[in-house]
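*Asks:* Sharing a structure, written as structure tokens. Questions coming.
Values in this text are rule-based calculations from the coordinates and carry no lab data. Values in this document were obtained by computation on a predicted structure and should not be read as measured data. Here Cβ is always computed from backbone atoms with ideal geometry, including for glycine, and neighbour counts include all displayed protein chains.
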Amino acid sequence: MSIKKTVKAGGHAVSYLEQGAGTPLLLIHGITTYSFIWKDMIPELSSGFRVLALDLLGCGDSEKPQDASYSISAQTDLVSDFMDALDIKHVHLVTHDIGGGIGQIFSVRYPDKIRSLTLINTIGYDYWPVQPITTMRIPIFREIGLAAIDHGFFKLLIKRGVYHKERVTDDVVALFKAPLKTPEGRRGFLRLAKHLDNRQLMEIEKDIKKLTLPVLIIRGDKDPYLPADISQRLQRDIKGSKLAVVETGGHFIQLDEPEMLVKKITQFIKAS
């Protein structure tokens with residue numbers, strides 16, 4: 001069973017789940033979620049790895065300061081500080097959504113700390129929202145902000161990002177909504193959305209092409225929120241990278257096909 005812990009990283013309290021022993025495997029979630037999104041994958045992954053799933057700054061049970069940057073660049077440094085706090089030298093990094101953007105920057109900025117990189121329905125290049133998102137004008141963000149009040153609407157929004165609609169139960173919706181129940185949680189989410197800036201990935205566009213570490217890109221074919229162009233371009237730009245398309249996966253593919261993801265990730269790491 002996963003154990004929830006807290007560690008001081010980058011001067012902030014960072015919450016994370018931990019299970020298993022051996023080589024560290026670090027899971028990084030995206031916007032609208034937190035460490036819970038990996039709940040159906042952690043038990044099986046932990047049979048071969050020391051699995052850690054953190055909550056990014058402003059998300060889940062991690063600290064939500066109003067005077068700190070929540071940008072993907074700043075969150076990348078937070079991940080490095082998190083590893084240092086736990087005395088972890090190297091990780092296999094598995095990422096989703098904006099977590100994938102963090103993973104890309106991390107692989108460029110901290111190449112000695114990463115053994116392999118898995119990007120799942122990742123953001124990339126300039127195919128995703130630009131800063132500033134001052135009035136939640138991007139539909140998915142605006143809808144999620146409103147949905148904090150309306151359970152039914154929020155459930156529909158999540159269902160749009162899931163291929164197997166029946167898996168969006170009331171319990172799953174409650175997990176998505178949990179951090180938004182408090183003013184602090186809602187402020188954390190809005191601050192994270194406001195700080196998203198695709199220029200931080202465009203700045204490493206040339207560096208991405210120089211990566212030599214093993215990279216697996218997984219694309220849920222039914223993802224309605226991020227275009228397939230991102231995964232296809234990353235696969236072209238990163239020499240030796242592998243692209244796996246899951247036809248029965250939406251944006252929240254961890255809910256759709258957790259067993260398939262675990263299999264693909266473990267096989268990829270073993271072959272690396």
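*Asks:* Normalise the Debye intensity by I(0) for segment 16-72, one equal point scatterer per Cα, no solvent, then take log10 at q = 0.24 Å⁻¹ and round to two decimals.
*Replies:* Debye curve over Cα of segment 16-72, log10 I(q)/I(0) at q = 0.24 Å⁻¹: -0.89.
*Asks:* Right, another one. Mind listing the Cα extents of segment 3-271 along all three principal axes, in Å, largest one first?
*Replies:* 45, 41, 37
*Asks:* For segment 1-125, report the % of Cα-Cα distances exceeding 22 Å. Working shown, then result.
*Replies:* On the way: 1921 of 7750 pairs.
The answer is 25 percent, as a whole percent.
*Asks:* In addition: Using modelled backbone amide H atoms (1.01 Å from N, in-plane), which distant-in-sequence or interchain residues come within less than 5 Å of Ala13's amide H?
*Replies:* For Ala13, the qualifying residues are Glu63.
*Asks:* Among Leu201, Leu243, Leu93, rank each residue by its count of other Cβ atoms within 10 Å, from fewest to most, as a rough exposure measure. Before the final figure, lay out the partial values.
*Replies:* Numbers: Leu201 24, Leu243 17, Leu93 28.
Ordered from fewest to most neighbouring Cβ atoms within 10 Å, Leu201, Leu243, Leu93 come out as Leu243, Leu201, Leu93.
*Asks:* Of the beta bridges DSSP finds with both residues in the chain, what % are antiparallel, to the nearest 5?
*Replies:* Values: 11 of 36 bridges.
Among the beta bridges of the chain, antiparallel pairing accounts for roughly 30 percent.
*Asks:* Does segment 211-266 classify as rounded, prolate or oblate by the C-alpha gyration tensor (a ≥ b ≥ c root eigenvalues; a/c under 1.5 gives rounded; else a/b over b/c gives prolate, otherwise oblate)? Please list the in-between numbers first.
*Replies:* On the way: a/c = 2.89, a/b = 1.34, b/c = 2.16.
Since a/c reaches 1.5 but b/c is at least a/b, the shape of segment 211-266 is classed as oblate.
*Asks:* Rounded to the nearest 0.05, what FRET efficiency is calculated for Asp221 and Glu166 with R0 set to 30 Å and r the Cβ-Cβ distance? Working shown, then result.
*Replies:* Details: r = 19 Å, r/R0 = 0.62.
It comes to 0.95.
*Asks:* Here is a follow-up. Applying a 10 Å radius around every beta-carbon, put 61-68, 168-175, 215-222 in order of their mean neighbour count, most first. Don't skip to the end; give the middle numbers.
*Replies:* Working: 61-68: 16.9, 168-175: 14.5, 215-222: 22.9.
Highest to lowest by the protection proxy: 215-222, 61-68, 168-175.
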